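Peer 1: Handing you this structure, nothing more for now.
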Amino acid sequence: MARIVMKFGGTSVADVDRIRNVARFVRREVESGHSVVVVVSAMAGQTNKLVEFCKNVGSPSPALDMQNIEYDAVVSSGEQVTSALLALTLQNLGFRARSWQGWQIPLKTNNAHGKARILEIPETNIGPAIDGGEVAIVAGFQGIEKNSRITTLGRGGSDTTAVALAAAIGAERCDIYTDVDGVYTTDPRIAKNARRIPRISYEEMLEMASVGAKVLQTRSVELAMAYSVRLRVLSSFEEPGFADESGTGTVICGEDEIVEQEIVSAITPSRDEAKISLIAVPNEPGRAASIFIYLADANINVDMIVQSPSRSPDSANISFTMHVNDIETAADLLNKRKGEIGFSDITLDKEIAKVSVIGVGMKSHTGVASVMFKTLADRGINIQNISTSEIKISVLIDSEYTELAVRALHQAYGLDQLGG
Ligand code: ASP
Ligand code: MG
C-alpha cells in the first residue's frame, strides 16, 4: 500500500461543511488502498484573527510579538481545532482516524518563534500507524523546540509540515489541496489570460514562491526539492478524483521530467514589499556588514540591496527591501544603532511592488532581460531596483503600476492564452 500525504489549506477546511467535503477526498484515497496522512491548516481567516488577538493584548512591538513564545501558543491553536474536527468527522463515517499535534509527531524546530525552522525530518511512528489502517490527521504549521515550547513555522507553514512528513514517511506523493486548480502563469485576478501550468520544475516553483506567489510556502518547495518529494497542487472545490481523470492540477517535479520547457514560465507580482533607504552611510569596510548582521540577528530577511553614491565621496546610500511586515521592526532596530552605523537619515517606502519573470529557459536563452526592460519602458514604468538569479529577473516598481506591468509582461513573453 502506497503512503500518500494530502494537505488541505484554510479555504478547504473553512467550516464544518468544508471539513465534511475533505472527508470525501480522504475516503476516496483510503478506499483505493492508500495509507494516508492528512495535514490541515486552520479554518480560513482564523490565523489572522489569532494574530490580531495577540496584537490587541498590547505587545509593545510586532517584533516582540513574533519572538514571543505565547504568540505561537495562540496562533497554533487554529490547526488543533481543524485536525481534531476532521478526525471526528472521519470517525463518524466509520474510519479509524486520530489527530496529531506538532509536539506529538514530534516535529522538532529551532526556537525562532513565529518563523521556526524544522531541524530534522522527523522519525515518527505515524508511518506504522497509517500502515495499520488508521488515518493520521496532522495539525499543520506547528512544531516544538528543545524547551518543549510550541513553535510555528511562519505563515503558510502547513505546506512545509506536509512536505516534511511526506519525506519522513517516504510518501509516493504529496497533494496540496487549495482553492485554485493549480499554479498559474500569473495571478488570474490580474491577467484574465493567465494559464494553468501542467508541470513546473522545483527550481522555478522555488523562485515563484520566494518572490511572493502564495500557493506554496517557499520552505516547503525547498524541502520537496531536497528530498525529491513529488508535489501536486489541486483544487478541493472539484469532485474527488477530478484531477486524476481530467489531468488538471500542477505537478511540481524535476526539470528532466518536463518535455516542453518555455523560456519564461511565469510572471509573479508581489505587493508585500517595502524599502528602507539609509542616507549617507560612511563608505568604509564593515558598515554594510553591521547593518545586515543586525537585521539577520532579528530574523529579518533582506531581499534587494542597492548601494549608490551619495553627495559626498566618503559616504554612500544603501537601500534594501524586505517583507512589509518587517519594516517597522527593521527601522526601529537601525534607528537604535544610528550612531554606530553612522547614517544621516532613514526613509521607508511601502508603495512599491516587485515583479519577477521566472523561467529555467533563461539559462540558455539571451534577451530575456531586454524584453522585460523594453516592455516596461514602453509603458513609462520606471525601474527602481533590479535583481537576478540564473532563472529569474525581478524589478522593483511603484506599486501603482503592478497590474499594468504584469499584463504587459505576460503578453510580451507569449504567455497569454490563445484566443484570450
Ligand atoms: N494557518 C497558518 C497560516 O494561515 C498556516 C497555514 O495555513 O499554512 O499561515
Ligand atoms: Mg497556504
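Each reported figure results from applying straightforward, stated rules to the coordinates on display, with no laboratory input. Keep in mind that what you see is a predicted model, and the values were worked out from it rather than measured. We place every Cβ from the backbone using ideal geometry, glycine too, and count neighbours over all the protein chains shown.
Peer 1: How far apart, in nm, are two points set 7 Å out from the Cα along the Cα-to-Cβ line at Gln417 and at Leu93?
Peer 2: 3.1
Peer 1: Given 0.36 nm per residue, what is the gain on full extension from Asn56 to Leu404 after removing their alpha carbon distance, in nm?
Peer 2: Gain on extension, Asn56 to Leu404, equals 121.6 nm.
Peer 1: Can you pull out the trypsin sites (Lys or Arg not before Pro) in region 308-366 whose DSSP state is coil and whose Cβ has at most 10 other Cβ atoms within 10 Å?
Peer 2: Arg311
Peer 1: To make sure I understand, if each residue's beta carbon is the centre and we count other beta carbons within 10 Å, what order do Thr47, Thr248 fall in, fewest to most?
Peer 2: Lowest to highest Cβ neighbour count: Thr248, Thr47.
Peer 1: As a test, work out the antiparallel percent of DSSP beta bridges whose residues both lie in the chain, rounded to the nearest 5.
Peer 2: Antiparallel: roughly 60 percent of the beta bridges in the chain.
Peer 1: Next question, about the same structure. How much length is gained if the chain between Arg28 and Arg149 is pulled fully straight, taking 0.36 nm per residue apart and subtracting their Cα-Cα distance, in nm to one decimal?
Peer 2: Contour length minus Cα-Cα distance gives 39.9 nm.
Peer 1: Can I ask one more? Of Ser228, Ala129, Ile197, which is farthest on the positive side of the dipole of region 113-239, counting Cα position, with +1 on Lys and Arg Cβ, -1 on Asp and Glu Cβ, and the Cα centre as origin?
Peer 2: Ile197
Peer 1: Could I ask something else about it? Evaluate the distance, in nm, between pseudo-label points positioned 7 Å from the Cα of Asn111 and of Thr347 along their respective Cα→Cβ axes.
Peer 2: If labels sit at Asn111 and Thr347, their model points lie 4.1 nm apart.
Peer 1: In region 251-346, which chymotrypsin sites (Phe, Trp or Tyr not before Pro) are in a loop and have at most 16 other Cβ atoms within 10 Å, using DSSP for the loop call?
Peer 2: Within region 251-346, no chymotrypsin sites (Phe, Trp or Tyr not before Pro) qualify (loop, at most 16 other Cβ atoms within 10 Å).
Peer 1: Follow-up. With a 10 Å radius around each residue's Cβ, average the other Cβ atoms per peptide and rank 233-244, 194-205, highest first.
Peer 2: My ranking of the peptides, most packed first, is 194-205, 233-244.
Peer 1: Additional query: Could you tell me how many cubic angstrom of Cα convex hull volume the chain has per residue?
Peer 2: 155
Peer 1: Once the Cβ-Cβ distance between Met1 and Asn325 is put in as r, and R0 is 45 Å, what FRET efficiency do you end up with, to the nearest 0.05?
Peer 2: About 0.55, to the nearest 0.05.
Peer 1: Report the calculated FRET efficiency for Ser290 and Glu123 (r = Cβ-Cβ distance, R0 = 51 Å), to the nearest 0.05.
Peer 2: 0.80
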